[in-house]
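Novice: Just dropping this structure here.
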Amino acid sequence: MTAPSIFDALKALSLPDRAVIDGGLVKAASGQTFDNVSPRDGTLINKVAACQAVDVDRAVASARKAFEDGRWRDQGPRAKKAVLFRLAELMERDAEDLALLESLDTGKPIRDARAVDVPLSIGTCRWYAEALDKVYGEVGAAPVDRLSWAVHEPLGVVGAIVPWNFPLHMAMWKVAPALAMGNSVVLKPAEQSPLTALKLGELALEAGLPAGVLNVIPGLGGVAGEALALSMDVDMIAFTGSGPVGRRLMEYSGRSNLKRVSLELGGKSPQIVFADCRHLDAAAEAAAWGVFYNQGEVCTAASRLLVEEGIKDAFVEKVIAVAKAMVPGDPLDPDTVFGAMVSERQMNTALDYIATAESQGARRLLGGQRVRQDTGGFYVEPTIFDGLQPDHTLAREEVFGPVLGVQTFKDADEAIALANDTVYGLAAGLWTSDIDRALTSARRLKAGLVWVNGWDACDITMPFGGFKQSGFGRDRSLHTLHKYADLKSVSVTLR
Ligand code: NAD
């Protein structure tokens with residue numbers, strides 16, 4: 001008997017299509033659905049509940065009730081940990097289903113969904129479960145007849161609005177710390193990728209999270225997302241996504257209840273390679289994977305490569321050699337390392353940026369085409385442009401696709417000036433074997449994440465987020481727990 005194929009597993013897969021509200025799996029009140037399309041072949045995966053304002057209000061009301069009656073907030077740390085650990089166990093039990101759903105929904109290679117998205121999401125859940133009783137208040141200096149302390153209290157109802165590039169992982173970056181601090185959550189997945197968030201909502205109920213503490217409302221951004229962000233009863237919106245929507249969320253906050261907003265937006269992240277670097281092969285691997293991983297749909301994508309003049313041609317040859325091995329393929333084939341873009345729209349955006357770069361005079365060295373069109377899927381080759389000028393659109397705007405632009409510099413001052421010449425400030429990297437240069441450059445780069453002699457050296461213990469228009473508020477690390485809490489000062493006068 002032959003081993004069951006991934007396609008057999010796919011046939012047996014149950015596809016979540018209902019919202020998770022108040023402990024139940026429900027259709028939208030209007031009965032409306034939206035089409036959830038697979039990027040691998042452009043076919044319909046399923047029709048998913050399209051939540052409207054009335055559904056969002058129900059979810060928020062359920063989250064509010066759950067918060068106020070303390071069914072989760074007031075459980076002791078041990079009880080909370082047990083539920084979150086159980087959730088992690090259930091995700092582990094269903095890891096293969098989660099990976100399949102993620103790959104099918106987003107077009108990312110199944111090998112990445114299995115090796116990266118799902119295990120990191122489980123790890124995040126466990127990490128915040130471990131951390132939740134390590135949040136200490138403080139006792140302040142006070143006169144002898146007074147005792148004063150400051151304590152972190154949960155905010156209440158947190159709305160989490162997440163994107164489609166790492167749907168489960170980004171959801172977990174927000175849901176796990178928000179729950180760990182005792183909040184209730186209403187999660188709005190992106191309409192391109194609702195499946196793993198819905199499955200997460202189901203698993204949380206199975207794990208014993210009380211009804212209403214985690215609601216999941218699939219729907220369109222301008223409908224369900226907007227209703228959530230305008231709600232008078234949501235205390236915070238935690239967002240990852242585009243700059244324009246980030247701006248709107250701040251407006252919605254001003255127009256409603258001044259809810260807190262945390263924004264993780266995009267970037268135009270530079271990777272600088274100095275000629276003194278003794279690890280140019282590793283740097284070339286990082287230059288290619290840094291921008292082409294996940295088809296370039298990564299907020300920290302290293303989309304600008306800044307190379308010291310003398311080594312540029314030889315170095316770029318190495319990068320091209322690495323990129324040539326990233327041949328777009330079926331995301332569900334375990335050998336595929338480079339999959340499909342999430343949607344026809346996102347593919348066309350990337351192709352438009354490629355056309356603009358050519359028209360502005362950048363020189364295409366690799367790729368540039370839509371491929372595998374016969375499959376009906378949305379595939380774009382890894383693409384490299386040389387001769388990028390600081391005023392080119394490709395040097396200034398985020399593509400969120402597999403397009404790299406190469407620039408050169410003469411010395412460290414010019415490299416840092418070019419690197420910082422952007423409205424963004426999410427990530428930056430540098431490759432050098434000079435310790436002084438590494439340390440000074442790391443200090444001078446205006447970015448929330450700086451990697452030296454490596455790219456995307458990520459760890460849950462370190463804060464993740466941007467400077468400038470890349471947003472504010474951090475995911476990951478213990479700092480994030482404070483984001484989901486208010487600080488209360490209590491003073492007792494001793495009489
Ligand atoms: P987006 O910002 O439109 O969508 C992100 C989330 O916001 C989704 O859940 C969406 O439904 C929701 N949303 C959309 N409009 C909303 C509104 N008016 N009110 C409330 N919620 C709303 O991102 P996109 O259109 O999916 O992608 C466009 C660009 O966003 C990309 O090209 C990329 O630049 C950026 N992006 C960044 C990240 C990141 O990790 N920083 C992730 C995905 C996309």
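Since every read-out is calculated from the coordinates, none of them should be taken as a lab result. Predicted, not measured: the structure shown is a model, and the values here were computed from it. Note that each Cβ is placed from the backbone with ideal geometry, even for glycine, and that neighbours are counted across all protein chains shown.
Novice: Expressed as a whole number of Å, what is the distance separating the alpha-carbon centroids of region 383-399 and region 1-70?
Specialist: Region 1-70 and region 383-399 have Cα centres spaced 38 Å from each other.
Novice: Distance in nm between label sites at LYS65 and ASP434, each 7 Å beyond Cα in the beta-carbon direction?
Specialist: With each label point 7 Å from Cα toward Cβ, the separation is 6.6 nm.
Novice: Using 7 Å Cα-to-Cβ label points, what is the VAL135/VAL337 separation (nm, one decimal)?
Specialist: It works out to 4.1 nm between the two label points.
Novice: Determine the shape class of the chain: with a ≥ b ≥ c the square roots of the Cα gyration tensor eigenvalues, call it rounded for a/c under 1.5, and otherwise prolate if a/b is greater than b/c, oblate otherwise.
Specialist: oblate
Novice: Moving to a separate point now. With θ set to phi - 60° and the Karplus curve 6.51 cos²θ - 1.76 cosθ + 1.60, what are the ³J(HN,Hα) couplings of region 472-481 in order, to the nearest whole Hz, using x for Gly and Pro?
Specialist: My calculation for region 472-481 gives 7, x, 10, 9, 6, 6, 5, 4, 4, 4 Hz in order.
Novice: Positive end of the dipole of region 395-440, charges at C-beta (+1 Lys, Arg; -1 Asp, Glu), about the Cα centre: which of ALA419, GLY401, THR440 has its Cα farthest in that direction?
Specialist: So the residue furthest toward the plus end is GLY401.
Novice: Nearest-5 percent of antiparallel DSSP beta bridges in region 270-459?
Specialist: 20 percent
Novice: A further question on this structure: Gain in length, ALA95 to LEU487, computed as 0.36 nm per residue apart minus the alpha-carbon separation, to one decimal in nm? Present the calculation step by step, with values, prior to reporting the outcome.
Specialist: Details: separation 392, 0.36 × 392 = 141.12 nm, distance 3.68 nm.
Extra length from ALA95 to LEU487 when fully extended: 137.4 nm.
Novice: Return the lysines within reach of LYS324: Cα separation strictly under 27 angstrom, same-chain partners fewer than 8 residues apart disregarded; answer none if there are no such residues.
Specialist: List returned: LYS108, LYS268, LYS312.
Novice: Obtain the nm distance between the two label points defined at GLU206 and ARG444 by a simple spin-label model: each point lies 7 Å from its Cα along the Cα-to-C-beta direction.
Specialist: Between GLU206 and ARG444, the label points sit 5.4 nm apart.
Novice: Let me ask something else about it. GLU358 to LEU478: extension gain in nm, 0.36 nm per residue of separation minus the Cα-Cα distance?
Specialist: 38.7 nm is the gain from fully extending GLU358 to LEU478.
Novice: Given Cβ point charges of +1 (Lys, Arg) and -1 (Asp, Glu) and nothing else, what value in debye, to the nearest 20, does the dipole of the chain about its Cα centre take?
Specialist: It works out to roughly 1320 debye.
Novice: Please identify which residues in region 47-76 have an amide N closer than 20 Å to a label point set 7 Å out from the Cα of ARG255, following the Cα→Cβ vector.
Specialist: The answer is 51-58, 60.
Novice: Mind giving me the FRET efficiency for ALA115 and GLN369? R0 is 45 Å, r the Cβ-Cβ distance, nearest 0.05 is fine.
Specialist: Numbers: r = 28 Å, r/R0 = 0.62.
FRET efficiency, ALA115 to GLN369: 0.95.
Novice: Let me ask something additional. Based solely on its DSSP helices, what 222 nm [θ] is calculated for the chain when runs of n ≥ 4 H residues each add -39,500 (n - 2.57) and the sum is averaged over all residues, nearest 500 deg cm²/dmol?
Specialist: -11000 deg cm²/dmol
Novice: Quick check: from the Cα gyration tensor, does region 270-459 come out rounded (a/c under 1.5), prolate or oblate?
Specialist: Prolate, since a/c reaches 1.5 and a/b exceeds b/c.
Novice: Normalised by the number of residues in the chain, what is the relative contact order in percent for Cα pairs under 8 Å and 6+ residues apart?
Specialist: Relative CO of the chain lands at 18 percent.
Novice: Determine, from the Cβ-Cβ distance of LEU25 and ARG396 and an R0 of 41 Å, the FRET efficiency 1/(1 + (r/R0)^6), rounded to the nearest 0.05.
Specialist: 0.40
Novice: Order of 253-260, 43-50 by packing, highest average Cβ count within 10 Å first?
Specialist: Top to bottom by mean Cβ count within 10 Å: 43-50, 253-260.
Novice: With everything on Cα atoms, drop me the angle between helix 195-207 and the longest principal axis of the chain, reported from 0 to 90° to the nearest 10.
Specialist: The angle comes out near 30 degrees.
Novice: Something else now. Run the numbers for SER242 and ALA325: contour at 0.36 nm per residue of separation, minus the present Cα-Cα distance, in nm.
Specialist: Contour length minus the Cα-Cα distance gives 26.9 nm.
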